[in-house]
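Read-outs throughout are calculated quantities, based only on the coordinates presented, and are distinct from any laboratory measurement. It should be emphasised that the depicted structure is a prediction, and the values quoted were computed from it without experimental measurement. Cβ placement follows ideal geometry from the backbone for every residue including glycine, while neighbour counts extend to all protein chains displayed.
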Amino acid sequence: MRRIVTWALSTITTLVLLMSYHTSTSSTASTVNASGVTPGSASKGAAPGSVPNSGGSAGTGNGTTGGSSNGSASSADGTTFAGAAVPTRFGNVQVQITVVDKQITAATVLQIPNRDRKDIQINNRAVPILNSATVKAQSADIDMVSGATVTSVAYIQSLQSAIDKANL
């Protein structure tokens, strides 16, 4: 009899705790995404989910850092090439590479899905891995990140576009 009462009370307690758990449905999170920009802090007029430019000349509104027609810009550190913005069901993914002496010296994201905490959590883990793999491989032949398949596929497509623009 004692076991039955203990079981019933623990079941009721568990159900009450589960029903009272409040999940967040708000898309505003204070977590910083992989580019170092807090979601929602993009400049006015920027596309939702886009990351504002971080240095270089003023953006053209399409996520590139230069005003030339091929999406490239020259800076003191090298030339940057922005890949195509690849749409996914979660948002656009756009990659920019920096090239010095026909070598990829850096890869950054210009746009990445950041609608909710799950997007931010996944991309905070995946984007640095993809960026470093790009520099190491010097090509778009990189492995996808487990758990971030959609982001990885779009990242690789945008990366290949940027590499094609750089003629590497």
Quiz item: Do any trypsin sites (Lys or Arg not before Pro) in the range 76-132 lie in a DSSP loop with no more than 13 other beta carbon atoms within 10 Å, and if so, which?
Solution: ARG89, LYS102
Quiz item: What residues qualify as long-range amide H neighbours of VAL145, i.e. H under 5 Å apart, gap of 5 or more or another chain, H built at 1.01 Å from N?
Solution: SER152
Practice problem: Work through the residues other than LEU9 whose Cβ is under 13 Å from its Cβ and net out their charges, Lys, Arg +1 and Asp, Glu -1. | Solution: +2
